[in-house]
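Please read the structure below before turning to the comments.
Just so you know, all these numbers are worked out from the coordinates, no wet-lab data involved. Every value quoted in this text rests on a predicted model; they were computed, and no experiment measured them. A quick note on method: Cβ atoms are made from the backbone with ideal geometry, for glycine too, and the neighbour counts reach across all protein chains shown.
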Amino acid sequence: MSNIKKAFQNGKAFIAFITCGDPDLETTAAVVRAAAENGADLIELGIPFSDPTAEGPVIQGANLRALRGGVTTDKIFDFVRELREDVKVPMVFMTYANVVFSYGAEKFIAACRDIGIDGLILPDLPFEEKEEFQPLCRQYGVDLVSLIAPTSKNRIAMIAREAEGFLYIVSSLGVTGTRSEIKTDLTSIVNVVRENTEIPCAIGFGISTPAQAEKMAGIADGVIVGSAIIKLLEAHGKDAAPYVAEYVRSMKDAVRNLN
């Protein structure tokens, strides 16, 4: 069984996104542990990139702060190796294809396996070009997580049939960020997914409140939250961990209502 599937075994999953190195890796470690201890079923770790095209201003800011602080891919690998000594929830990297290419795809994906990373999300990798990475991911036992966007339409079934780990359903057009309302017909997308795969699906982009989390978890198998957590890091810096703990607990409680 894919380790990622364990995140969905106990009902609806809450998935937290955290940018590595914002404001420093010590804070990231404290925030990851706070999230895991307070109900996060899976954690997405963002590897900073200078041109994060899928991200809105909040996560772009986190990328820039981390890069200015001197974080590197190698430092993040060492950090995750240490984190894995006590953090047992599934973890995936979310970054950009160029980060993997420039590091060396096989070297990067082999390192993911060695340090205990369960999956890889590359939002700028078109589904049709995933063969650039998929054979290596399968060789090293790392799930290459596919994304489905509102524009995927007649490609949803095809993407779902070849899914690994979980399916990341993008709630809205545009970049990441909190939204007051999500208007996409996500139920129809999830219905097509369920007709074509047993792989769980989670909705991300724009979810920030417990009410939104509960609504989205009612449609899919889990919810993904990033910008709202990054805003807490932006506001509280090195002291963010207890604020993230409280926030994750409130979001997990909202999702748990549906289990």
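Data overview
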quantity	calculated
Estimated [θ] at 222 nm from DSSP helical runs (n ≥ 4, -39500 (n - 2.57)) normalised by residues in the chain, nearest 500	-13000 deg cm²/dmol
Normalised convex hull volume, the chain, alpha-carbon set, Å³ per residue	109
Two-decimal Rg to Rh for the range 1-101 - Kirkwood Rh, Cα set	0.96
Gain in span if fully extended, Met158 to Leu64, counting 0.36 nm per residue against the direct Cα distance	30.3 nm
Sequence-distant residues sharing a close amide H with Ala13 (under 5 Å, placed H)	Gly222, Val223
Assigned charges on the beta-carbon of Lys, Arg, Asp, Glu; the range 72-207 dipole about Cα centre (debye)	300
Per-residue HN-Hα couplings for the range 214-228 [Karplus 6.51, -1.76, 1.60; θ = phi - 60°; Hz; x = Gly/Pro]	5, 5, 5, 5, x, 9, 10, 8, x, 10, 10, 10, x, 4, 5
For the chain, size of Cβ-based charge dipole, Lys and Arg +1, Asp and Glu -1, in debye	480
Dipole in debye (nearest 20) - the range 11-117, about Cα centre, beta carbon charges: Lys, Arg +1; Asp, Glu -1	120
Among Ala34, Gln60, Gly104 the positive-end extreme of the charge dipole of the range 16-112 (Cβ point charges)	Gly104
Cα-Cα over 21 Å, subset of Lys12/Lys88; Lys75/Lys107; Lys215/Lys238; Lys75/Lys231; Lys6/Lys231; Lys12/Lys215	Lys215/Lys238; Lys75/Lys231; Lys6/Lys231
Shape of the range 110-256, Cα gyration tensor, a/c cut at 1.5	oblate
Per-residue ³J(HN,Hα) for the range 127-139, Karplus 6.51 cos²θ - 1.76 cosθ + 1.60, θ = phi - 60°, Hz, x for Gly and Pro	3, 5, 10, 5, 4, 4, 10, 4, x, 5, 4, 5, 4
Neighbour net charge for Gly141 - beta-carbon separation under 9 angstrom, K R +1, D E -1	0
Cβ-based exposure ranking for Phe93, Phe133, in which fewest neighbours within 10 Å come first	Phe133, Phe93
Per-pair calculated FRET efficiency, R0 = 22 Å: Asp185 and Ala211 via Cβ, rounded to 0.05	0.70
Under the Karplus curve 6.51 cos²θ - 1.76 cosθ + 1.60, θ = phi - 60°, whole-Hz ³J(HN,Hα) for the range 147-162, x wherever Gly or Pro sits	10, 10, 10, x, 7, 5, 6, 6, 9, 4, 4, 5, 5, 4, 4, 9
